[in-house]
Amino acid sequence: MTDMEKNAMSERIEHIYTAIRSKNSSAQLLTVSKFHSTEEIQAAIECGLSVFGENRPQELCEKFPSLIAQNKLCNKKVSVHMIGNLQRNKVKSLVPVVSCIQSVDRIELLYEIEKYAEKKIDVLFEYHTGEESKSGFTSKETLYEVLTACEKLPHINPKGFMTMAPFTKDIQAIRKSFQMLYRIAQEAQTEFSQYTLSELSMGMSNDYEIALEEGSTMVRIGTAIFGSRI
Ligand SMILES: *Cc1c(COP(=O)(O)O)cnc(C)c1O
């Protein structure tokens, strides 16, 4: 990447931080690097970003072990979250690389994570709040069964919830989706006071300002940082 491209990236990142501050939010920025090269990701690291999200296990495992190791040599801590649909047979290769799996939507995945984890791993529970999305828990009952099961899984650290709003221009529909996740999280926290379920991963490039208004603690942003994916 040229210096000019890096400067432009820096400006886009600053714009997002400004938006976060303007909503009086202290939400964390998760940089979604799917489809982007390790060179572009390294440029983002040099712009000060350190936590990334990928949605395909194979791509994540191809790019991140070396990025994490190389930056560690310069005392830069880089980490990566899994944010996409996950199949059970991919968990084994993923667990040593990621610090968090945000897309847990069924109990089988938890058992598989527990089986391969050598240290505690953060998990978020994906909840279905928008019509277009296919993944995520669809009922409180199944979510609560899974939260109950976590008590017997010592390597699982339940941290909160994740959702994707519907892909629409209808701001009210998007807002409703985020409000639903907020409410689900509050109710679950009351029911499961033994955990700290404070993380609300919601908001992407096109809707993160709405998500911040509705209590997001982590926005997942790709396009608004890297430009559009080809
Ligand atoms: C791709 C993706 C994002 C980021 O999308 P942008 O519109 O590029 O910001 C966020 N969350 C998930 C789960 C994704 O797959």
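Counting only C-alpha contacts under 8 Å and six or more residues apart, can you give the relative contact order of the chain as a whole percent?
20
Summed over qualifying helices (DSSP H, 4 residues or more, each -39500 (n - 2.57)) and divided by its residue number, the chain shows a 222 nm mean residue ellipticity of -13500 deg cm²/dmol. Cys74 exposes around 90 Å² of accessible area when a 1.4 Å probe is run over every protein chain in place. When the chymotrypsin sites (Phe, Trp or Tyr not before Pro) in the range 120-223 are filtered for DSSP coil states and for at most 15 other beta-carbon atoms within 10 Å of their beta-carbon, the remaining sites are Phe167. Measuring nothing but protein heavy atoms, the accessible surface of the chain at 1.4 Å probe radius is 50 percent carbon and sulfur. Starting from a Cα-only point model with no solvent, please compute log10 I(q)/I(0) by Debye for the range 21-126 at q = 0.11, 0.20 1/Å. One equal scatterer on each Cα of the range 21-126 leads to -0.35, -1.03.
Looking at the chain, which longest stretch skips every one of the trypsin sites (Lys or Arg not before Pro) that is in a DSSP loop with at most 12 other Cβ atoms within 10 Å, leaving the sites themselves out?
1-76
Treating each Cα of the chain as one equal point scatterer and applying the Debye formula with no solvent, the log10 of I(q)/I(0) at q = 0.07 Å⁻¹ comes out as -0.21. Placing a label point 7 Å from the Cα of Arg88 along the Cα-to-Cβ direction, the residues of the range 45-60 with a backbone N closer than 20 Å are 57-58. Expressed in units of 2.2 N^0.38 Å, where N is the residue count, the Cα radius of gyration of the range 137-203 is 1.21. Rounded to 0.05, the FRET efficiency of the His15 and Thr138 pair, given R0 = 41 Å and the Cβ-Cβ distance, is 0.70. At q = 0.13, 0.17, 0.19 Å⁻¹, what log₁₀ I(q)/I(0) does a Debye calculation on the Cα points of the range 170-230 give, no solvent, two decimals? Each listed q maps to, in turn, -0.40, -0.61, -0.71. Rolling a 1.4 Å probe over the protein heavy atoms leaves Ile68 with an accessible area of roughly 40 Å². Across His15, His128, His81, the residue with the most accessible area heads the list, and the full order at a 1.4 Å probe is His15, His128, His81. Accessible area ranking (1.4 Å probe, heavy atoms, ligands and nucleic acids excluded), largest first, for Met202, Met4: Met4, Met202.
Might you tell me the accessible area per residue for the chain, computed with a 1.4 Å probe and given in Å²?
51
A simple rule links phi to the HN-Hα coupling: the Karplus curve 6.51 cos²θ - 1.76 cosθ + 1.60 with θ = phi - 60°, which for the range 63-68 gives 8, 7, x, 6, 4, 5 Hz, with x for Gly and Pro.
The Cβ shell under 15 Å around Asn24 holds other residues with a net charge of -1, Lys and Arg each +1, Asp and Glu each -1. Just so you know, the Rg over Rh for the range 1-70 is 1.00, from Cα atoms, with Rh as the Kirkwood radius.
The values are calculated or read from the model by the stated rules, or taken from the named source; none is laboratory data. All figures in this text were calculated on a predicted structure; none of them were measured in a lab. Virtual Cβ from ideal backbone geometry, glycine too; neighbours counted across all protein chains shown. When the accessible area is computed, the model is the full protein with side chains, heavy atoms only, and any ligands, DNA or RNA have been set aside. Shrake-Rupley method; radii C 1.70, N 1.55, O 1.52, S 1.80 Å.
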